Amino acid sequence: MADSNTDLLNQILEKLDEQGKDIKTLKDTQQEQGTEIAGLRTEIASMDTKITAIRTEHGAKLNDLELKIEIINTNQQRAEKQAHKDHMELMAHLIDAADQSNDAVHALEKRVDRIEKHLDLPPVK
């Protein structure tokens, strides 16, 4: 019986040694994972910094683009107003020219009528 107790005790000790080795392996793995997690956290922090920098850079570019669009729209509105003003001026000149031409035609008709009357010519129909 002493041999069977010794064998049983040896088996228990072997199992405890195996479990001790497994526990040590688990601890080592946990430490490695902890180191890897710390490295990942550092990488994430670095990426966050880069993302913030990119957002800042693109935000500035977006603001520049918005300003350029606003300037283009303002210039386009200004150009449309100027085109309308120029159109109105041109129309006014054309109307004045037409009125002057009409006045000249009317004056010429009167003159022709006077000449015809003076020369006793029959009116042209």
Note down the Stokes-Einstein diffusion coefficient of the range 78-120 in µm²/s, whole number, using a Kirkwood radius over alpha carbon pairs, 37 °C, and 0.692 mPa s. 258 µm²/s
Using the crude model of +1 on Lys and Arg Cβ and -1 on Asp and Glu Cβ, and no other charge, please compute the dipole size for the chain relative to its Cα centre, in debye to 20. 960 debye
Return the FRET efficiency for the residue pair GLN19, LEU40: r is the Cβ-Cβ distance, R0 is 22 Å, and the value is rounded to the nearest 0.05. 0.15
If you work out Rg/Rh (Cα atoms, Kirkwood Rh) from the coordinates, which of (1) 0.94; (2) 1.98; (3) 1.15 do you get? (2)
So, counting K/R as plus one and D/E as minus one, what does the shell of residues with Cβ under 11 Å around ASN102 add up to? -4
Cα centroid separation - the range 76-103 against the range 2-17, whole Å: 115 Å
The range 1-57, dipole about Cα centre (Lys/Arg Cβ +1, Asp/Glu Cβ -1), debye to the nearest 20: 420 debye
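For every other residue with a beta carbon closer than 13 angstrom to the beta carbon of LEU13, add +1 if it is Lys or Arg and -1 if Asp or Glu, then tell me the sum.
Result for the local shell: -2.
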On C-alpha positions alone, give me the angle between the axis of helix 2-118 and the longest principal axis of the chain, in degrees, nearest 10. 0 degrees
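Bear in mind these aren't lab numbers, they're just calculated from the coordinates by the rules spelled out. Since this is a predicted model, take the numbers as computed values, not measurements. Neighbour counts run over all protein chains shown; Cβ positions are idealised from the backbone, glycine included.
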